[in-house]
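Visitor: Below is one structure. I have some questions about it.
The values are calculated or read from the model by the stated rules, or taken from the named source; none is laboratory data. Nothing here was measured: the structure is a model prediction, and the numbers come from that model. Heads up, the Cβs are rebuilt from the backbone with ideal geometry, glycines too, and the neighbour counts pull from every protein chain shown.
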Amino acid sequence: MLGLKLETDPRWVNIVEKNIEEILTDHAYCEQKAATNAITLMINFPYYTDLVEEMVKLAQEELSHFEMVHQKIKERGLKLGFERKDEYVGDLYKFMRKGDHRKEIVLIDRLLFGAMIEARSCERFKLLSEQINDEDLRAFYRDLMISEANHYTLFIGFARKYGGNVEDVDKRWQEWLNYEAEVLKNYSKKETIHG
C-alpha cells in the first residue's frame, strides 16, 4: 500500500531496544513536528476549506500522540529530553519544491512531503509492533501504525485532489519514493524514528 522502495533494515529494532528513552523522546518530537506541519498547511493554504478542517483535526491528533508518547516516557520513570534534529526529514525537505505558497505545485509537494514522512513512520511502527521485545510498546506501535497509514492516505488524497489539474501527482509521488529510497540508504543506524 505504501509503495516504499526500500525497507528499513530490521536490525534497526536492535539499535532501538538499546536506548528506549532516546526512541521515545525522538518519537514525541516527531509527533510535535507533524502537528506543526499540519498547522503550516493551514496557514499557507487557508483558502482550501476542507484541507484546513482536516489539518485542524490532524494537528490535534498529532498532539494527542505526543501526549501518549510522553505518558510512555513517564511510565518508565524517564524524562522527555530536548528536541532532536531529524536529519531524515531535513533530507526530504531538500527535495520539496518551494516558492510562492499560493501555487498548487508547492501545495502538492508539501502534501507529498507529509505523505512520505507518514509512510516511513508507518513502516517503522509496523516493524516495532512486530519485533520489539517490549510487549507494551508492541501494542502501542501497532495502534499508532494504523494512524500513520490514515495520515499517509489523507495527504496523498489531498495532493491528488488539488494537484490533478496541475501535474501528474502519481508520477511526482514516484519521484518522491525514488528519492526517499536513496536517502534511506544513509539511515537505520540510530535509535530514532527516522534515524
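Visitor: Report, ordered by the first and then the second residue, all pairs with beta carbons closer than 7 Å, sequence separation of six or more or different chains, a first member in the stretch 183-195 that is of a type in the set (A, V, I, L, M, F, W, C), and a second member that is surrounded by fewer than 18 Cβ atoms within 10 Å (Cβ to Cβ).
Guide: V183/D91; L184/L6
Visitor: Determine whether the stretch 72-80 contains at least one residue that is among the charged types (D, E, K, R), under 20 Å from the mean Cα position of the chain (by Cα) and assigned to a loop (DSSP other than H, G, I, E, B).
Guide: no
Visitor: Something else about it: Can you tell me which residue is nearest to the chain's Cα centre (by Cα) among those in the stretch 40-58 that are within 13 Å of L154 (Cα to Cα) and loosely packed, with under 13 Cβ neighbours inside 10 Å?
Guide: K57
Visitor: Go over the candidates L128, L111 one by one and state the one that is among the hydrophobic types (A, V, I, L, M, F, W, C), over 25 Å from H70 (Cβ atoms) and touching a helix residue (DSSP H, G or I) at 6+ places or on another chain (Cβ under 6 Å).
Guide: L111
Visitor: Mind telling me which of the residues E67, E31, E22 ends up being touching a helix residue (DSSP H, G or I) at 6+ places or on another chain (Cβ under 6 Å) and of a type in the set (D, E)?
Guide: Criteria check complete, one pass: E31.
Visitor: Suppose we filter the stretch 166-182 for residues that are free of Cβ contacts under 8 Å to residues at least 40 places away in the same chain and assigned to a loop (DSSP other than H, G, I, E, B); how many remain?
Guide: 1
Visitor: Which of the residues belonging to the stretch 139-152 are free of Cβ contacts under 8 Å to residues at least 24 places away in the same chain and either surrounded by fewer than 18 Cβ atoms within 10 Å (Cβ to Cβ) or among the hydrophobic types (A, V, I, L, M, F, W, C) (or both)?
Guide: A139, R142, D143, M145, I146, N150
Visitor: For the stretch 85-103, indicate whether the set of residues that are hydroxyl-bearing (S, T, Y), surrounded by 18 or more Cβ atoms within 10 Å (Cβ to Cβ), at pLDDT below 95 and out of contact with any Leu (no Cβ under 6 Å at 6 or more places or on another chain) is non-empty.
Guide: yes
Visitor: Which ones in the stretch 81-103 are assigned to a helix (DSSP H, G or I) and either closer than 20 Å to A139 by Cβ or aromatic (F, W, Y) (or both)?
Guide: Selection gives Y88, Y93, F95.
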